[in-house]
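Enquirer: Quick one: structure below, then a few questions.
The values are calculated or read from the model by the stated rules, or taken from the named source; none is laboratory data. Since the model is a prediction, treat every value here as computed from it, not as a measurement. Reconstructed Cβ throughout: ideal geometry from the backbone, glycine too, with neighbour counts over all protein chains shown. Surface areas here come from the heavy atoms of the whole protein model, side chains and all, with no ligands, DNA or RNA. Shrake-Rupley method; radii C 1.70, N 1.55, O 1.52, S 1.80 Å.
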Amino acid sequence: MKKHKILRNKWKKIRRKLRRQDKAVKREEFLQKQEHDRLNSPTYQKWVKSQEESEKFEQNENERIVAMQYSKWVERECAAIEEWKSLQKKLEKIKQEKAQKELLIKLEWEREQNKIKETEENKKKEEQQREEINAKFIEEIEMYINNLGPLPESINVGTSTRPDQPLCPFFSKVAACRFRDNCSRNHVRPGISNTLLIPGFYKNFELNMRYEREFDIDISLECDEKEAYEKFYEFFEDILVELRSYGQIIELNVCRNQEIHLMGNVYVQYRSRRHSLKAYRNLCGRFYGGRKITAEFCTIPSWSEAVCGLFFRKMCPKGKNCNYLHLYKNPGGKYQSKPQKNRNENSSHGHRENSSHSHRENKYNSSKREREHSRTNTERKSSSNREKRSMDSSSQRETLNTPQWDNTPDRSNKSSGPLNWDSDDD
């Protein structure tokens with residue numbers, strides 16, 4: 001039974017297959033006949049002809065458009081090439097101009113470098129010449145100091161602040177002026193002289209009390225005349241050893257003026273200009289008490305005219321504003337001119353001669369004197385008793401070698417302090 005069913009199914013499949021093949025053959029024959037009829041129909045042939053014509057027209061139109069676009073592209077390319085060529089010409093021209101400018105700049109730079117080299121060489125030559133001149137000048141100064149040659153002519157040249165104006169009466173006498181180089185008169189400074197001026201060399205509490213008294217009336221009680229002279233004697237002994245090592249001293253004065261242009265000034269007069277030049281060379285640039293020393297040459301025609309003689313009698317009409325020298329009294333009167341009888345007359349006469357120049361100074365200081373006048377009366381009353389006691393004690397301790405000045409304590413029992421000199425190299 002099973003084999004019969006299997007065979008039956010196979011025969012059914014073969015029969016269906018044959019049927020499909022017959023149907024496929026019939027359909028193919030029908031389609032070929034239909035296609036043959038369609039190809040042979042006049043309408044189809046007409047449609048095919050129209051399609052061919054349209055395709056040909058489209059092809060021709062496309063070729064025409066392509067040719068037109070190509071011609072336009074060629075024109076654009078030609079224009080671009082022409083533009084590129086013109087641009088290249090311009091760029092070439094710009095490059096040439098740039099190259100010319102660079103060449104000019106290079107040439108100019110080379111000229112400048114040559115000029116710089118020439119100027120540097122000239123500077124070096126000038127520096128060498130200057131160094132040679134300075135070395136020769138220093139050698140001449142050394143020879144002059146060591147008494148082996150004459151004084152160099154280049155050093156003996158004075159300077160003037162206002163040559164077309166008359167001489168300043170105060171500067172010509174004390175080598176210092178309240179208005180300094182701004183003075184309307186002429187200040188003549190010598191190139192070299194036998195007198196040295198060391199401005200502001202001596203510093204002391206007493207000298208700085210001028211401006212402090214404006215706020216504190218009792219500040220004068222901190223320092224009396226005896227203490228001031230003790231400190232001055234220490235300073236005097238300290239500098240005397242150094243200043244005397246440069247040559248023979250004729251005059252050594254220390255100012256106790258409280259005006260700024262005279263405060264603490266030290267005047268040293270040597271026997272000769274050789275000694276003063278040696279002192280100037282060794283003092284300038286050194287330090288004393290932590291302060292740098294600056295020295296200058298000056299001319300003092302007469303110490304009797306430069307020193308205020310009325311100050312020693314406590315009768316100076318200008319007081320602290322006096323522009324003549326108020327000096328400390330050196331111990332034993334060493335290196336200090338003795339007071340003369342006509343010194344007070346000369347100094348008062350000098351005050352009258354220079355009244356015109358001091359008129360503006362009086363205007364400048366009139367307000368200060370009015371404020372200080374009321375304070376000086378109280379100070380004199382409070383210090384009169386103290387001065388009397390100090391005068392009595394000092395007169396008992398004076399010896400034959402001590403000067404006959406008022407209020408000068410004895411320095412015989414005081415030991416000199418250590419020297420305070422040092423140079424730049426220390």
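Enquirer: Of all residues being open to solvent by less than 20 Å² (accessible area, probe 1.4 Å) and farther than 27 Å from His275 by Cβ in the stretch 194-232, which is modelled with the lowest pLDDT? Just the residue, please.
Expert: Ser220
Enquirer: Pick from the stretch 306-324 the residues that are at pLDDT below 85 and open to solvent by less than 40 Å² (accessible area, probe 1.4 Å): which of them is farthest from Asn204 (Cα to Cα)?
Expert: So, considering only residues that are at pLDDT below 85 and open to solvent by less than 40 Å² (accessible area, probe 1.4 Å), the one farthest from Asn204 (Cα to Cα) is Gly309.
Enquirer: State whether one or more residues within the stretch 154-161 are of a type in the set (S, T, N, Q), in contact (Cβ under 8 Å) with a residue 60 or more places away in the chain, surrounded by 17 or more Cβ atoms within 10 Å (Cβ to Cβ) and within 23 Å of Glu296 (Cβ to Cβ).
Expert: Scanning the stretch 154-161 turns up no residue that is of a type in the set (S, T, N, Q), in contact (Cβ under 8 Å) with a residue 60 or more places away in the chain, surrounded by 17 or more Cβ atoms within 10 Å (Cβ to Cβ) and within 23 Å of Glu296 (Cβ to Cβ).
Enquirer: Among the residues of the stretch 143-153, write down those that are open to solvent by less than 90 Å² (accessible area, probe 1.4 Å) and either among the hydroxyl-bearing types (Ser, Thr, Tyr) or in contact (Cβ under 8 Å) with a residue 12 or more places away in the chain (or both).
Expert: Across the stretch 143-153, the qualifying residues are Tyr144, Ile145, Leu151, Pro152.
Enquirer: Tally the residues that are in a strand (DSSP E or B) and not basic (Lys, Arg), restricting the search to the stretch 274-313.
Expert: Within the stretch 274-313, residues that are in a strand (DSSP E or B) and not basic (Lys, Arg) number 6.
Enquirer: So, Leu327, is that one touching a strand residue (DSSP E or B) at 6+ places or on another chain (Cβ under 7 Å) and at pLDDT 90 or above or not?
Expert: Criteria met by Leu327.
Enquirer: Among the numbered criteria (1) surrounded by fewer than 18 Cβ atoms within 10 Å (Cβ to Cβ); (2) of a type in the set (Phe, Trp, Tyr); (3) at pLDDT below 90, which single criterion is violated by Phe179?
Expert: Unmet condition: (3).
Enquirer: Can you pull out every residue in the stretch 262-295 that is among the small types (Gly, Ala, Ser) and in contact with a Gly (Cβ under 9 Å, 6 or more places away or on another chain)?
Expert: Hits for the stretch 262-295 are Gly264, Ser272, Ser276, Ala279.
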